[in-house]
Amino acid sequence: MLRMPKFKVLNPATVAEAVDAIQQVEGSRFIAGGTDINPNLKHRLLEPECLVALNGVEEIFGISQTEFGLRIGAMESLTNVETNTLIQQLAPGLASASRQVSGPQLRNMGTIGGNVMLDTRCKWYNQTYFWRKSLGFCLKKDGDVCHVIKGGSKCVAAASNDTAAALSTLQAELEFANAQGSTRIAIDKLWQADGIWNKKVGPHDLLVAIHLPAALLNQKGSYKKLRDRNSIDFPLLGIAARLKISDNIVDDCALCVVALQARPWPLDKASALLIGTTVGSDAFNEALKACCAIAAKQCRPMPNIPGDHAYRHAMVPVFIRRAILSCLD
Ligand SMILES: Cc1cc2nc3c(=O)[nH]c(=O)nc-3n(C[C@H](O)[C@H](O)[C@H](O)COP(=O)(O)OP(=O)(O)OC[C@H]3O[C@@H](n4cnc5c(N)ncnc54)[C@H](O)[C@@H]3O)c2cc1C
Ligand code: SF4
């Protein structure tokens with residue numbers, strides 16, 4: 001049986017109190033739904049003396065239309081995001097990605113904010129302390145080698161957050177609060193290619209809300225996920241697509257892939273090929289083929305997460321095609 005370590009819990013009621021609370025004890029962490037941080041605590045991947053619980057901070061709940069577009073509070077559960085009618089109508093790709101995170105119980109507890117801020121994953125890292133110790137640990141925690149890239153000096157654990165791919169295709173802006181005030185960061189600028197910590201903000205920056213720009217709402221969207229069991233598993237590969245179609249012509253297209261490397265990866269070269277083609281025409285079919293081929297060249301899965309990486313690679317063009325065609329259904 002894996003036991004929880006001892007820690008103190010603070011329960012702020014406002015964003016200001018949360019930002020203040022996280023600085024009181026060095027190394028503290030926020031806890032939202034706890035579906036990811038709790039297993040990580042049990043595995044001794046994190047050892048904070050204090051957790052700052054976000055479930056009493058009302059300001060970071062709510063889904064509403066704003067002048068900018070759509071605001072989704074970071075503490076909204078994945079179930080709420082998946083079933084919200086505004087999101088289903090205006091951002092179908094995000095509803096689809098949320099619906100495919102984990103299983104129903106974890107989506108009831110897990111939040112969209114926790115999903116964006118999810119730690120990277122690796123089959124050599126997401127293990128018990130005993131398991132990792134017998135292997136000699138690794139760069140991400142307690143060790144000095146990488147088991148994925150022999151002799152490697154950089155951690156390549158994979159970004160495995162399903163909703164991040166959909167939010168990238170929607171060019172979401174993320175609102176953070178910290179002791180210095182509040183900032184907004186475009187989601188594609190949030191990431192860095194470092195599996196140890198793949199975000200440019202720190203663990204003490206509070207994600208308050210996700211803002212989706214109006215110009216990209218109400219378009220076609222989908223998320224296709226490769227995984228062993230459709231009921232619960234993390235992605236072995238995840239592809240989000242957004243398509244804007246006017247008079248049967250592809251006006252705009254965006255694709256983003258997760259579960260390959262440390263950061264979600266927008267596939268701009270591949271998606272650009274479809275723009276300007278008429279859906280169903282020979283030109284569209286040729287562009288779709290070329291788009292899948294370029295994506296397969298760009299995406300190189302590593303043996304960092306479970307699943308055969310050659311198989312994951314072979315599935316890239318298949319899942320790109322499925323994601324795009326599913327937008328046209
Ligand atoms: C069996 C199992 C299967 C899973 N399958 C999937 C899957 O298929 N796809 C997937 O994407 N995830 C999966 N998860 C992971 C997890 O359930 C989800 O990612 C969930 O959305 C995490 O949200 P949470 O609220 O529970 O986050 P928490 O566990 O509470 O927090 C996760 C991290 O985010 C930080 N954090 C949380 N909220 C904020 C905030 N507002 N501001 C700043 N930092 C914050 C925490 O400090 C922590 O580091 C799975 C987990 C388990 C146990
Ligand atoms: S990629 Fe390498 S360093 Fe990173 S968690 Fe995996 S084994 Fe450790």
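The values are calculated or read from the model by the stated rules, or taken from the named source; none is laboratory data. All values reported here derive from a predicted model rather than from experimental measurement. When we count neighbours, we look across all protein chains shown, and the Cβ atoms used for this are built from the backbone with ideal geometry, even at glycine. Side chains included, ligands, DNA and RNA excluded: accessible areas come from the protein's heavy atoms. Shrake-Rupley method; radii C 1.70, N 1.55, O 1.52, S 1.80 Å.
Worth pointing out:
- Residues of segment 276-329 that are in contact (Cβ under 8 Å) with a residue 60 or more places away in the chain, open to solvent by less than 50 Å² (accessible area, probe 1.4 Å) and part of a helix (DSSP H, G or I): R312, M315, V316, F319, I320, A323, I324, S326, C327.
- Check on L45, in contact (Cβ under 8 Å) with a residue 40 or more places away in the chain and closer than 18 Å to N80 by Cβ: no
- Condition broken by G113, with the remaining ones in (1) within 22 Å of the chain's Cα centre (by Cα); (2) open to solvent by less than 40 Å² (accessible area, probe 1.4 Å); (3) over 20 Å from I37 (Cβ atoms) satisfied: (3)
- Cross-chain or 6+ apart pairs with Cβ under 8 Å, segment 72-98 first and without any contact (Cβ under 8 Å) to a residue 24 or more places away in the chain and more than 15 Å from ligand 1 (Cβ to nearest atom), then open to solvent by less than 10 Å² (accessible area, probe 1.4 Å) and not in a helix (DSSP H, G or I): L86/L70
- Scanning segment 254-275 for residues that are open to solvent by 10 Å² or more (accessible area, probe 1.4 Å) and over 21 Å from N304 (Cβ atoms) turns up A254, D268, K269, A272, L273, I275.
- Among the residues of segment 36-53, the ones that are surrounded by fewer than 21 Cβ atoms within 10 Å (Cβ to Cβ), away from ligand 2 (no atom under 16 Å from the Cβ) and not in a helix (DSSP H, G or I) come to 5 in all.
- Selection status of I60, on the phi < 0 side of the Ramachandran plot, near ligand 1 (Cβ under 9 Å from one of its atoms), among the aliphatic types (A, V, I, L, M) and open to solvent by less than 20 Å² (accessible area, probe 1.4 Å): yes
- Among the residues making up segment 145-159, those that are among the small types (G, A, S) and either surrounded by fewer than 24 Cβ atoms within 10 Å (Cβ to Cβ) or near ligand 2 (Cβ under 10 Å from one of its atoms) (or both) are G151, G152, S153, A157, A158.
- Qualifying residue in segment 261-270 (condition: in the same structural domain as D194 (by TED's automatic domain parsing), at pLDDT 95 or above and on the phi > 0 side of the Ramachandran plot): no
- Those residues of segment 110-144 which are of a type in the set (A, V, I, L, M, F, W, C) and more than 10 Å from ligand 2 (Cβ to nearest atom), in sequence order: I112, V116, M117, L118, F130, W131
- Only one of the numbered conditions (1) at pLDDT below 95; (2) buried (at least 18 other Cβ atoms within 10 Å of the Cβ) is not met by G136, and that is (2).
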